[in-house]
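K.L.:
Sharing a structure with you now.
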Amino acid sequence: MSDKKYLILVVGPTAVGKTELCLNLAKKFKTEIVSCDSRQFYRELNLGTAKPSPQELLEVKHHLIDSLSIEEAYDVRKFEKDALQILATIFQKSNVAIMTGGSGLFADAITDGLDEIPDVEPEIRKEIIKEFESKGLEWLQAQLSKVDPEYYSQVDRQNPQRLMRALEVYRGTGLKFSSFRVKKKAIRPFQVIKIGLDRPRQELYDRIDLRMDQMIAAGLFDEADALFEKRHLNSLQTVGYIEIFGYLEGKYDKEEAIRLLKRNSRRYAKRQMTWFRRDAEIRWFHSGQQEEIFSWIVTQMA
């Protein structure tokens, strides 16, 4: 193995098996793991974000898990800066670092860099926020799907902040948000090896349903209830919590909340795959092919 620095990026949909693979890879390469899962940054969000267990966090050093409070404003630009600093520290000790998560935008920020998206007039932002507050999330979704179907097919549609950002750029510039996301790749001081994990659709959906049952049994409804008064925060606009907030608001019963939790988690996984499948550099494996994955990584380092 040379003195080159390698970032092994492991991506894939929720519940596919990224945590287990990354733990094993980190042990094999004697290195550390950086999270690019934007839902796992927050200390208060535990059950609904499927963080590694306390035991797994002890086995291998992890970065950017439980690094923020839900009250803190955080975006992909801050993440890019933080993660690159952490990687530089890891590379002082090891030639290999592991990064994993299901947030495609955050992963791309590290491997490719961020696009220069223009700022727009604050009044446009205020106007969109006002419309969102009066008309709701479905209105936001419908607006973006009309003006920028490409970005709409990839974005987390349950995240109003991302929907509003895309809409304000369109209104402010007259150009689609997706049109700004085509810049030349950033030059990084490390080589990226991209691994994608997948499973047959029904197998993945069964795992998602089982994981949701386990989260509920472990106390997900209680966790969401404790966060209910802060449900307006951007960090809580995510699958796994908004469905329970609707139940707590009296919009539907608990059985319907569970159905929505499972359905929206499956839809989230589908959107994740739509995002990752567009990257031709990702080499895809079934999650059970760990020996094959390790062997392929070694060949990429040769």
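None of the figures in this text is laboratory data; all of them are computed from the coordinates on show. The structure displayed is predicted, hence computed values, not measured ones. Glycine gets a Cβ as well: all are built from the backbone with ideal geometry, and neighbour counts include every protein chain shown.
K.L.:
Can you tell which of Ala226, Ile195, Val34 lies farthest toward the positive end of the dipole of the chain, using +1 and -1 charges on the Cβ of basic and acidic side chains (Lys, Arg; Asp, Glu)?
P.N.:
Projecting each Cα onto the dipole axis, the largest value belongs to Ile195.
K.L.:
Between Lys185 and Ala302, what FRET efficiency comes out of the Förster formula 1/(1 + (r/R0)^6) with R0 = 22 Å and r the beta carbon distance, rounded to 0.05? Don't skip to the end; give the middle numbers.
P.N.:
Details: r = 23 Å, r/R0 = 1.05.
My answer for the efficiency is 0.45.
K.L.:
Can I ask one more? Under 20 Å from the 7 Å Cα→Cβ point of Glu121, by amide nitrogen: which residues of region 145-176?
P.N.:
164-176
K.L.:
Turning to a different aspect of this structure: Under a Cβ-only charge scheme (Lys and Arg +1, Asp and Glu -1), can you give me the dipole magnitude of region 122-180 about the Cα centre, in debye to the nearest 20? Don't jump to the answer; show the numbers that get you there.
P.N.:
On the way: 10 positive and 9 negative charges, 10 e Å.
Using Cβ point charges on Lys, Arg, Asp and Glu, region 122-180 gives about 40 debye.
K.L.:
So how tilted is helix 76-93 from the main axis of the chain? Cα-based, degrees 0 to 90, rounded to 10.
P.N.:
Relative to the chain, helix 76-93 is tipped by roughly 20 degrees.
K.L.:
Something else: Given a Förster distance of 41 Å, report the FRET efficiency between Trp139 and His286 from their Cβ-Cβ distance, rounded to the nearest 0.05. Walk me through the intermediate numbers first.
P.N.:
Details: r = 40 Å, r/R0 = 0.97.
After rounding to 0.05, the efficiency reads 0.55.
K.L.:
Non-local amide H neighbours of Tyr6 (under 5 Å, H modeled in plane, Pro and chain starts lacking H): which ones?
P.N.:
Amide H neighbours of Tyr6: Val96, Ala97, Gln191.
K.L.:
Along the principal axes of its C-alpha atoms, what lengths does region 227-302 span, in descending order and rounded to whole Å?
P.N.:
58, 25, 21
K.L.:
What residues qualify as long-range amide H neighbours of Arg283, i.e. H under 5 Å apart, gap of 5 or more or another chain, H built at 1.01 Å from N?
P.N.:
Lys194, Ile195, Gly196
K.L.:
Further, regarding this structure: What full-extension length gain, to one decimal in nm, is calculated for Thr173 and Phe228 as 0.36 nm per residue of separation minus the Cα-Cα distance? Mind showing how you got there, number by number?
P.N.:
Details: separation 55, 0.36 × 55 = 19.80 nm, distance 3.65 nm.
Here the answer is 16.2 nm.
K.L.:
Oh, and also: Enter the Cα centre distance for the pair region 1-64 and region 162-218, rounded to the nearest angstrom.
P.N.:
If you average the Cα positions of each part, the centres end up 17 Å apart.
K.L.:
Kindly write out, for region 234-244 in residue order, the coupling ³J(HN,Hα) from the Karplus curve 6.51 cos²θ - 1.76 cosθ + 1.60 (θ = phi - 60°), rounded to whole Hz, with x marking Gly and Pro.
P.N.:
Karplus values, whole Hz, x for Gly and Pro: 4, 5, 9, 8, 8, 4, x, 10, 4, 5, 6.
K.L.:
Something else: Against the globular-protein guess of 2.2 N^0.38 Å, express the Cα radius of gyration of the chain as a ratio, rounded to two decimals. Numbers along the way, then the final one.
P.N.:
Values: Rg = 19.4 Å, N = 302, 2.2 N^0.38 = 19.3 Å.
The value comes to 1.01.
K.L.:
For the chain, modelled as a Gaussian network with Cα springs under 10 Å, which listed residue fluctuates most, Ala109, Ala217, Ala15?
P.N.:
Greatest mean-square fluctuation among the candidates belongs to Ala217.
K.L.:
Order of 53-61, 241-249 by packing, highest average Cβ count within 10 Å first? It would help to have the intermediate numbers written out before the result.
P.N.:
Working: 53-61: 12.0, 241-249: 19.2.
Ranked by mean Cβ neighbours within 10 Å, highest first: 241-249, 53-61.
K.L.:
By how many degrees, between 0 and 90 and to the nearest 10, does the Cα long axis of helix 122-135 differ from the longest principal axis of the chain?
P.N.:
Around 70 degrees separate the two axes.
K.L.:
Given a cut-off of 28 Å, name the pairs among Lys78/Lys135; Lys135/Lys185; Lys135/Lys251; Lys81/Lys262; Lys4/Lys185; Lys176/Lys254 whose C-alpha atoms lie farther apart than that in the structure shown.
P.N.:
Working: Lys78/Lys135 30 Å; Lys135/Lys185 38 Å; Lys135/Lys251 16 Å; Lys81/Lys262 34 Å; Lys4/Lys185 19 Å; Lys176/Lys254 39 Å.
As for pairs spanning more than 28 Å Cα to Cα, those are Lys78/Lys135; Lys135/Lys185; Lys81/Lys262; Lys176/Lys254.
K.L.:
Per-residue HN-Hα couplings for region 54-67, Karplus 6.51 cos²θ - 1.76 cosθ + 1.60 at θ = phi - 60°, whole Hz, x for Gly and Pro?
P.N.:
Karplus-based 3J(HN,Hα) across region 54-67 equals x, 5, 5, 5, 6, 5, 9, 5, 10, 10, 6, 9, 6, 8 Hz.
K.L.:
Right, here's the next one. Measure nothing but the geometry: give the 0 to 90° angle between the long axis through the Cα atoms of 160-173 and the longest principal axis through the Cα atoms of the chain, rounded to 10°.
P.N.:
Between helix and principal axis, roughly 80 degrees.
K.L.:
Consider just the alpha-carbon atoms of region 1-148 and return their Rg together with their Dmax, both in angstrom.
P.N.:
Reported Rg and Dmax, both Å: 18.1, 58.
K.L.:
Roughly how many debye, to the nearest 20, is the charge dipole of the chain about its Cα centre, given +1 on each Lys and Arg Cβ, -1 on each Asp and Glu Cβ, and no other charges?
P.N.:
On the way: 48 positive and 46 negative charges, 195 e Å.
Computed charge dipole of the chain: roughly 940 debye.
K.L.:
Starting from 0 in steps of 5 Å, tell me what percent of the Cα-Cα pairs of region 122-180 lands in each bin.
P.N.:
Going out from 0 Å in 5 Å bins, region 122-180 shows 4, 22, 36, 26, 12, 1 percent.
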